[in-house]
Every structure is written in structure tokens, then in C-alpha cells.
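Below is one structure, written out as C-alpha cells, with a few remarks after it.
The values are calculated or read from the model by the stated rules, or taken from the named source; none is laboratory data. Worth saying up front: this structure is predicted, and the values here are computed from it rather than measured. Heads up, the Cβs are rebuilt from the backbone with ideal geometry, glycines too, and the neighbour counts pull from every protein chain shown. The area values use the complete protein model at the heavy-atom level, side chains included, leaving out ligands, DNA and RNA. Shrake-Rupley method; radii C 1.70, N 1.55, O 1.52, S 1.80 Å.
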Amino acid sequence: MVVLISGTGSNMAALVDAAEDPAYGVDVVAVGSDRRGTRGVELAEKAGVPTFVVPFRDYSDRAEWDTAMADRISEYAPDLVVSAGFMRLLGPAVLGRHTAVNIHPALLPSFPGAHAVRDALAHGVRVTGTTIHFLDEGVDSGPIIDQVAVPVEDGDDESSLHERIKAVERRMLVDTVGRLAREGWTVDGRHVRFGRTEHSVTDATDTKEQR
Ligand code: GRF
């Protein structure tokens, strides 16, 4: 898989750690970013994982950037792209060529967008959490694969709540991505099931080409 990040990369680092065990069934073939100089890219380099950066500001529009990103990802021919703290919307060039999943720090469909933790706190919810879902061209709108709830505590601020969510999402991400790789998956409308019937990591590219 190729993992995409924009910042700290703690979720990516959890995947890289898990992938050290051959039984996990996943190779992280590259880590990509839309920003130069991130801690996540530095961590990946230290772990010996190839990295690439496709800075948004180097392109005249979103479509050009999306094509450049798709080309860089394709060099590694991944079976799956994992957006883990990647803060830009991927467009038709990337999503037309690759199957991608994303983690989001809220229980979708509540609180989509870039400020999910802040928005959940402002709304006064007592329970929030994290969601892993397939990416489509909407904002955090693709079919949901798994979710884990995290209670909001009195006195939480955005940072304390986000740290507790991130601890939970690292476990969920590692568990879910491993299962997708080992078991394959089926998407029926909004419903995702593990198991190799229609879609699997090994036939993911073929499936895209058939669309
Ligand atoms: C995570 O909470 C993820 O859900 C959100 O951004 C955060 C990334 O954290 N999209 P990290 O870069 O993996 O530490």
C-alpha cells in the first residue's frame, strides 16, 4: 500500500510498525505527502520507506495536482492507497486509478470536514469517535468500513479529545487495513463486508479498470 499523510504521521507510523511482521500481510511501498518538511515524511525515511512529496502549490490547479499525485502513486503500483491524516481531497485522477481508504476523527456521517474534533466538541456530543471508510469524490462520504466510539469527557478540549481519538484510530486502522489485505472486501452500495467475493487487494486494480 501507499500511505498518504500531511503532518505528524502517527497513524502511518503504526502501519509501518505493523507491516514489519510478515504475518500482517501488508507492505508499505511508499509514503506520500502534499507538504514538504513534515514529521511524517521524516519518520518514514528513518524507517527506510520510500517517500514522495507532491506540493499543492507547485501546480496551477487541483486537476493538475491530482494527476501528478496519481502518477507518483502509480509508480509504486499499490493495491490500496491509505489516506491517514492527509488533508486534501483526492480527485478523479487518483480515485479513478486507485482504491483508497481514509480515516476520519469522528463518527461519520456526523462532523465531516477538516475540523471534525472541534465541531463535535462545539456541538456538545457526549460520544464521538473515528471512522475508516472507502474514499469517493465527496467529503468523507464513502462507504463505511468500521467505526469506534470515544466518549467525550468533561473538560476536554480539542487537543485532549483528538489525542484519545488518535490512540483508538491507530488500533482500528492497523486492524482494518490488515483485514482488507488478508481477507479482501465486498462493497454493496453503502455496505462493506470483509471477504473475497467481488473486490480484494489482488484484484483491486482490475476492478477499477472494469468500471
Ligand atoms: C487523524 O486524527 C486523522 O483521523 C485525521 O488527521 C489525524 C492525523 O494524525 N484525518 P497523524 O498525522 O496520523 O498523527
Inset, instruction - Taking residue 26 as meeting all but one of (1) in a helix (DSSP H, G or I); (2) among the aliphatic types (A, V, I, L, M); (3) in contact with a Gly (Cβ under 8 Å, 6 or more places away or on another chain); (4) buried (at least 20 other Cβ atoms within 10 Å of the Cβ), write down the number of the exception. - result: (1)
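Against the definition (acidic (Asp, Glu) and at pLDDT below 95), how does residue 183 come out, yes or no? Before you say what the answer is, go through the steps one by one.
Values: acidic (Asp, Glu): yes; at pLDDT below 95: no.
So residue 183 fails the test.
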Inset, instruction - Take the residues in the stretch 78-93 that are touching a residue at least 40 places away in the same chain (Cβ under 8 Å) and away from the ligand (no atom under 14 Å from the Cβ), then tell me which one is surrounded by the most Cβ atoms within 10 Å (Cβ to Cβ). - result: 81
Legend entry - Residue that is in contact (Cβ under 8 Å) with a residue 12 or more places away in the chain and open to solvent by less than 50 Å² (accessible area, probe 1.4 Å), where the choices are 114, 120: 120
Inset, instruction - Among the numbered conditions (1) under 20 Å from residue 94 (Cβ atoms); (2) away from the ligand (no atom under 15 Å from the Cβ), tell me where residue 4 comes up short. - result: (2)
Legend entry - Cβ-Cβ under 6 Å pairs, at least 6 apart or on other chains, the stretch 28-52 side on the phi < 0 side of the Ramachandran plot, far side part of a helix (DSSP H, G or I) and open to solvent by 80 Å² or more (accessible area, probe 1.4 Å): 51/45
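Check 96, 155, 142, 138 and return the single one that is part of a helix (DSSP H, G or I) and either without any contact (Cβ under 8 Å) to a residue 24 or more places away in the chain or away from the ligand (no atom under 13 Å from the Cβ) (or both).
Details: 155 fails: part of a helix (DSSP H, G or I); 142 fails: part of a helix (DSSP H, G or I); 138 fails: part of a helix (DSSP H, G or I).
The conditions single out 96.
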